[in-house]
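Since the structure comes first, as structure tokens, the remarks are kept for the end.
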Amino acid sequence: MKANKNKILSLFFAILLSWSCQEIIDVDLEQSKTNLVIEGKIEDENSLQRIKISQSLNYYDTGEMKPFSDADISLLDENDNLISQYIYNPQDSFYQTLDSVRLEIGSEYKVQIVVNEEILVAKGKILENPTLDSIYYLSEEELQNLGQQVIGEGYFMFVNGRLNNEGVEYFKLDVTVNDTLRSSRGALSNSILTSEFFGKEFRALPIPGSFKEKDSVDLELYTLNEDVYQYYVEFINLLFNDGGVFSPPPVNPTTNIENITNPENQPLGFIQFSSVQKRRLIINSRD
Amino acid sequence: MQFRITVLLFFITSTLYAQKFTVSGYVKDAGSGEVLIGATVVDKTQPGNGMATNIYGYYSFELPKGEYTLVASYVGYSTKEVKVDITENVALNFNLDQEASSLQEVVVSATRSDENVSSVKMSTEKLQIERIKSMPALFGEVDIIKSLQLLPGVSTAGEGTSGMFVRGGSSDQNLILLDEATVYNASHLLGFFSVFNPDAVKNVEIYKGGIPAKYGGRISSILDIQMREGNNQQFQASGGIGSISSRLTAEIPIVKDKSSLLLSGRRTYADVFLAFAKDENIRNNTLYFYDFNTKFNYRFSDKNKIFVSGYFGRDKLGFQDLFGFDWGNTTFSTRWNHLFSEKLFLNTTLLFSNFDYGFDVNSAGAGFNWNSGLQEYNLKMDFDYFLNNNNTLFFGANVIYHVFAPAEITSQESSSQESNVQDFNLQNDFAVETALYLSNQHTITDKLSMEYGIRYSSFAKIGPDSVSIYQNGQPKRPENEIRTNAYGNGDLVKHYGGFEPRVGIRYMVNSKTSLKASYNRMRQYLQVASNATAGFPTDRWIPADYHIKPVIGDQVALGYFRNLQDNAWEISVEGYYKWLQNVVDFLPGEDVLLNDRIETAVAGGIAWSYGAEFMLRKNIGKTTGWLSYTLSRTQRQIEGVANGDPYLARYDKPHDISLVLSHKFSERLSFSGNWVYATGAAVSFPEGRYIMSGQNIPYYDDSKRNTSRMPDFHRMDLGLTYELNSRWKRYSHELTLSFYNVYNRKNPFSIEFRQVKNEDPVYNEEQDGPATSTRPAAVKTALFGIIPSVTYNFSFN
């Protein structure tokens, strides 16, 4: 729902931009101090838990962000008991737990990061994933025979199932096709989901995007806490913000990581606490 | 005894000498019967004795017993003189003939030639509709609001948009009236065209300051648009065929001299051009608007007249059968003019305004309809009392019932299956707004006049309603809610009200120079909940309520006005200072559209703006027009935004210049041109970037807002109009060729900070091959280059 204004504007400006023009221009920008950029995922799967810490760039700098390797990171339970320390892996510039860690659904966890003598904390709860009864696909022709218009060509996937938690739930659905994650900003926008306007049971709920015959499709469905969902919403709004009169003033998304030592110095980024379920389908021709 | 007789005779003589009688009546167009607003009727030998007609074409003033030559005049019309012997109250109507087209009579303003100096009014502009029609326009579409944007103190959000920002006020702070009915969203196609069909409009007046007590409800301006009544003498039709729309107007006399009907319609065919787009996705789109105006009037007698008018307009945007979005306004006005006597005039109006939008998503398994709207029911009574030649009283009252229906979402089944979307409603809101006012136009001496008044306005938010109460001293966040108060139908939830003083003073330095000053306080009980600058059809109007207070605005203005060469030239300089309390802005990242606790998404603060407006205008001659320059500053200070420090509003534009010219080469050929310049909008640019979830994203310093500038904006438009030959006397037609953005400047509509591949901002992998380079860049989007257009206009009578 919240993305509808973006979709309306995108449609209108797609029409308008067929008359207009775009060009690269030089704009002098102020340079800010570097900021810490933290991105992490804490999952219920029995696996190494990973967090990346980097430093932001000046806007026009090309290349990748410089990793920050001097952080002290701990994974704690809701009673502040240490579950695992993280170590820095210079091979891929990620911090990871010493061993695989399995987290409990329904439990709260905390990540504590000490950087430059400042303590940063993120908390989250691992929520139960929905129950997916079935995932199936229909071709464009089959859908049209059912009286349903579609955008795009090929095959379209749908899912039946039910939600398992009280209240409104939030999710991220990553779609990997032939080992390539769909990562355009449009795909990211379509991957952030909310049950706010849906019931607890769902049937034939569409999965964003279309697929071709013989595609190998991997779906990863992550539960999200509300603060991380809100981060993604603000992040996507910023991603689509063109600085024009129909866009709100650009602001950084609200992080769920709190600098409790120096609240004026909040980092960029977020740490996501999720349960995950994965499914794979191969799209085969009906023939 | 002799002394007593002398005294008695003195008093009798004095009484006879002092006895005054009222001269009153209407001034109309002889050809169509349309009343003329602002026409003057004066004593020829003493032009200071007289009056201008009100918006119903009615005048009234007093003269002592005697013989007079009364002169009625209105720009564009022949002056009429009538000799009259005043021995009792006289009802005298004037029917003025339009002057034959003359090289001397191309005029800019619809008021008397020295009105800008002699009137108490300041910060007010009245544009003649013929002037608006002659201006070159985007796609050749004459646009009333875009014409107003050429006036000093009125600026725009961006190229092509129809929002107005008047003396630093936001676009929701303008009260836009069509035949007294409120128009909530005055634009088609997201602001590229306004909803007002110029063929249906008679009078356009904007108050930027010095707002009379009769008006209220918005802080920054009042745009009062009157529709034509229709020709009550003979059938008349007119219209035009343009590059993207066509229009047709018919004026039908129902009973000659008494009654007429006006019908006026317009439709764009922009969607026809979509069929030629290369992109298949664009070809299958729907994009059009239409609007329709109608007005009926009947004059029962010289004392009673009724008007019934309506507007209906709709915009539609859609993509195949998958997505549809439509929005529009409906207004309806019924008015009754009644003359109690030659001095007391009453206008009673019953009004209805509706704005609504809806969109349909027809997606397998996730289809839904979304509808939203708001309505206003308004009853007004406005009295004009011509007490004497030095005092005219205006007083009245109105009551408005507001209904806000912010969102109703309903599941939409497709032919194959049910939708998973559940029905959802945001709570409707209800309110009653009332006002009383009294003001006096007072001529104190030959040099000093004032208009002063008081308005009292009141706003009651009523139930049904459900109000969240928060812990004292804590931010209004859901986690701080302690209880919910429930209110039944009609229960009072919250009341606001207060006085709104209005004062205007004019001092005549000499017959060609005056100094003016004004002060007004305004209260605004409704505002738009949006964190974007330009209006959007889905913008949500929210009433003042338990948590959100009404905005209060005060403005002072000082002005110097001078006319030269027999009023052929006007010079004015006006300075203003405006300050606002209880302004709200939306906290970063907050949702406004589906939030039933708006108080958790906003923060309050103050705003202020100040500036100086310079105007040089030539009204008469073959070449007419104006040059205006506005120097201004607009700032806000909102808790929670930019660290609570003052910041510039996006639409702050320190320098704003407009040059508007027209020239008549001959009876048939005329030229018009505009040149506009404005400082670029105040915006926020990034100060860094980072990568998150595989996306490159700009970083902004949230302690600052709007500290950078877009490039300056300037543009020239030119137009030529040629009146074609016609074999029929009753049929006239002309061609207008116009060029929008003649020197093809690529003014930035937006600057987006994103990754660019292969140095091509519109890189497409399928068409352009694999990417060989990627870098962060600033990409400017310019909407319009040079756009030629041709419009064919015709009229038949």
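The values are calculated or read from the model by the stated rules, or taken from the named source; none is laboratory data. What you see is a predicted model, and the numbers here were worked out from it, not measured in a lab. Because the Cβ atoms are built from the backbone with ideal geometry, glycine has one as well, and the counts that use them run over all protein chains shown. Each accessible area value is taken on the protein alone, full model and side chains, heavy atoms only, with ligands, DNA and RNA left out. Shrake-Rupley method; radii C 1.70, N 1.55, O 1.52, S 1.80 Å.
Against the condition farther than 18 Å from A:N265 by Cβ, within 14 Å of chain B (Cβ to nearest Cβ) and either open to solvent by 70 Å² or more (accessible area, probe 1.4 Å) or modelled with pLDDT of 95 or more (or both), how does A:G63 come out, does it pass?
On the way: farther than 18 Å from A:N265 by Cβ: yes; within 14 Å of chain B (Cβ to nearest Cβ): yes; either open to solvent by 70 Å² or more (accessible area, probe 1.4 Å) or modelled with pLDDT of 95 or more (or both): no.
Criteria not met by A:G63.
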Output the number of residues of region A:119-136 satisfying the condition of being within 12 Å of chain B (Cβ to nearest Cβ) and either within 30 Å of A:A71 (Cα to Cα) or surrounded by 20 or more Cβ atoms within 10 Å (Cβ to Cβ) (or both). 0
Only one of (1) over 17 Å from B:V166 (Cα atoms); (2) over 22 Å from the mean Cα position of the chain (by Cα) fails for B:L627. Which number is that? (2)
Could you list, in sequence order, all residues of region B:717-733 that are within 36 Å of the chain's Cα centre (by Cα), of a type in the set (S, T, Y) and surrounded by fewer than 19 Cβ atoms within 10 Å (Cβ to Cβ)? B:Y722, B:Y731, B:S732
Against the conditions (1) closer than 23 Å to A:I271 by Cα; (2) in contact with a Lys or Arg (Cβ under 9 Å, 6 or more places away or on another chain); (3) open to solvent by less than 20 Å² (accessible area, probe 1.4 Å), where does A:V217 fall short? Just the number, please. (1)
Within region A:168-194, the count of residues that are outside any strand (DSSP E or B), within 11 Å of another protein chain (Cβ to nearest Cβ) and closer than 22 Å to A:E226 by Cβ comes to 3
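Could you count how many residues in region A:66-106 are over 18 Å from A:K41 (Cβ atoms) and either more than 14 Å from chain B (Cβ to nearest Cβ) or touching a Gly at 6+ places or on another chain (Cβ under 9 Å) (or both)?
Step one: of region A:66-106, the residues over 18 Å from A:K41 (Cβ atoms) are A:66, A:69-70, A:72, A:78-82, A:90-91, A:106.
Retained after the next criterion (residues that are either more than 14 Å from chain B (Cβ to nearest Cβ) or touching a Gly at 6+ places or on another chain (Cβ under 9 Å) (or both)): A:69-70, A:72, A:78-82, A:90-91, A:106.
Adding up the residues that qualify gives 11.
Is it the case that some residue within region A:274-287 is in a loop (DSSP other than H, G, I, E, B) and basic (K, R)?
Filtering region A:274-287 down to residues in a loop (DSSP other than H, G, I, E, B) leaves A:275, A:283-287.
This time we only want the ones that are basic (K, R), so: A:286.
Within region A:274-287, one or more residues are in a loop (DSSP other than H, G, I, E, B) and basic (K, R).
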I'd like to check which strands (runs of 3 or more DSSP E) are fully inside region B:637-732 and have at least 1 residues that are away from chain A (no Cβ under 14 Å) and among the hydroxyl-bearing types (S, T, Y). B:655-664, B:669-678, B:713-723
Wholly inside region B:531-592, strands (runs of 3 or more DSSP E) that include 2 or more residues that are closer than 24 Å to B:D356 by Cα are B:540-543, B:569-586
Answer yes or no as to whether A:K212 is more than 19 Å from A:Y155 (Cα to Cα), more than 10 Å from every other protein chain (Cβ to nearest Cβ) and of a type outside the set (S, T, N, Q). no
Contacts under 8 angstrom Cβ, first residue in region B:226-248 being aromatic (F, W, Y), partner assigned to a strand (DSSP E or B), 6 or more apart: B:F235/B:A250; B:F235/B:E251; B:F235/B:I252; B:F235/B:P253
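For residues in region B:607-625 being touching a Lys or Arg at 6+ places or on another chain (Cβ under 7 Å) and modelled with pLDDT of 95 or more, which is farthest from B:S123 (Cα to Cα)?
Going residue by residue through region B:607-625, those that are touching a Lys or Arg at 6+ places or on another chain (Cβ under 7 Å) are B:607-611, B:622, B:624-625.
In the following step, the residues that additionally are modelled with pLDDT of 95 or more were identified as B:607-611.
Numbers: B:A607: 20, B:W608: 18, B:S609: 15, B:Y610: 14, B:G611: 12 Å.
Ranking the qualifying residues of region B:607-625, first place goes to B:A607.
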When the residues of region B:301-315 are filtered to those that are surrounded by fewer than 16 Cβ atoms within 10 Å (Cβ to Cβ) and in contact (Cβ under 8 Å) with a residue 24 or more places away in the chain, which remaining residue is nearest to B:G25 (Cα to Cα)? B:D302
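Kindly check whether there is at least one residue in region B:57-77 that is open to solvent by 70 Å² or more (accessible area, probe 1.4 Å) and polar (S, T, N, Q). Full working, then the answer.
Taking region B:57-77 first, the residues open to solvent by 70 Å² or more (accessible area, probe 1.4 Å) are B:65, B:67.
Pick out the ones that are also polar (S, T, N, Q) and you get none.
Checked region B:57-77: no residue is open to solvent by 70 Å² or more (accessible area, probe 1.4 Å) and polar (S, T, N, Q).
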So, A:E234, is that one in contact (Cβ under 8 Å) with a residue 24 or more places away in the chain, facing another protein chain (nearest Cβ under 9 Å) and either open to solvent by 20 Å² or more (accessible area, probe 1.4 Å) or among the charged types (D, E, K, R) (or both) or not? no
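Residues checked against (1) surrounded by fewer than 16 Cβ atoms within 10 Å (Cβ to Cβ); (2) more than 12 Å from chain A (Cβ to nearest Cβ); (3) touching a strand residue (DSSP E or B) at 6+ places or on another chain (Cβ under 7 Å); (4) part of a loop (DSSP other than H, G, I, E, B):
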residue	(1), (2), (3), (4)
B:T781	no, no, yes, no
B:F784	no, no, yes, yes
B:T791	no, yes, yes, no
B:S795	no, yes, yes, no
Name the pairs whose Cβ atoms lie under 8 Å apart, with the first residue in region B:747-773 and more than 12 Å from every other protein chain (Cβ to nearest Cβ), the second at pLDDT below 90 and open to solvent by 50 Å² or more (accessible area, probe 1.4 Å), and 6 or more positions between them or separate chains? B:A771/B:E765
Go through (1) buried (at least 17 other Cβ atoms within 10 Å of the Cβ); (2) within 11 Å of chain B (Cβ to nearest Cβ); (3) at pLDDT below 95 for A:I38 and report which single condition fails. (3)
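Quick one: would you say B:A607 is part of a strand (DSSP E or B) and within 14 Å of another protein chain (Cβ to nearest Cβ)? Please lay out each step first, then the result.
Working: part of a strand (DSSP E or B): yes; within 14 Å of another protein chain (Cβ to nearest Cβ): no.
Spelling it out, it is not the case that B:A607 is part of a strand (DSSP E or B) and within 14 Å of another protein chain (Cβ to nearest Cβ).
With among the hydrophobic types (A, V, I, L, M, F, W, C), open to solvent by 70 Å² or more (accessible area, probe 1.4 Å) and touching a strand residue (DSSP E or B) at 6+ places or on another chain (Cβ under 7 Å) as the only criterion, which of B:A517, B:A486 stands out?
Sole residue among the options that is among the hydrophobic types (A, V, I, L, M, F, W, C), open to solvent by 70 Å² or more (accessible area, probe 1.4 Å) and touching a strand residue (DSSP E or B) at 6+ places or on another chain (Cβ under 7 Å): B:A486.
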Within region A:263-281, is even one residue touching a helix residue (DSSP H, G or I) at 6+ places or on another chain (Cβ under 6 Å), more than 25 Å from A:I135 (Cβ to Cβ) and open to solvent by less than 20 Å² (accessible area, probe 1.4 Å)? yes
If A:F197 passes every condition in (1) closer than 16 Å to A:Y229 by Cα; (2) crowded, with 16+ Cβ neighbours inside 10 Å; (3) more than 9 Å from chain B (Cβ to nearest Cβ) but one, which one does it miss? (3)
Looking at region A:41-60, which of the residues that are more than 7 Å from chain B (Cβ to nearest Cβ) and out of contact with any Phe, Trp or Tyr (no Cβ under 7 Å at 6 or more places or on another chain) is least open to solvent (accessible area, probe 1.4 Å)? A:Q49
Being open to solvent by 20 Å² or more (accessible area, probe 1.4 Å), in contact with a Phe, Trp or Tyr (Cβ under 7 Å, 6 or more places away or on another chain) and not in a strand (DSSP E or B), is that true of even one residue in region B:734-754? no
Among residues of region A:144-166 being buried (at least 19 other Cβ atoms within 10 Å of the Cβ) and without any contact (Cβ under 8 Å) to a residue 40 or more places away in the chain, the residue farthest from the other protein chains (Cβ to nearest Cβ) is A:L163
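Among what's in region B:369-416 and is touching a residue at least 12 places away in the same chain (Cβ under 8 Å) and not in a strand (DSSP E or B), pick the residue that is surrounded by the most Cβ atoms within 10 Å (Cβ to Cβ).
This residue is B:S414.
Please go through region A:191-218 and give me each residue that is polar (S, T, N, Q) and within 19 Å of A:L163 (Cα to Cα), ordered by number.
Here is the first cut: in region A:191-218, the residues polar (S, T, N, Q) are A:191, A:194-195, A:210, A:216.
Result: A:S191, A:T194, A:S195.
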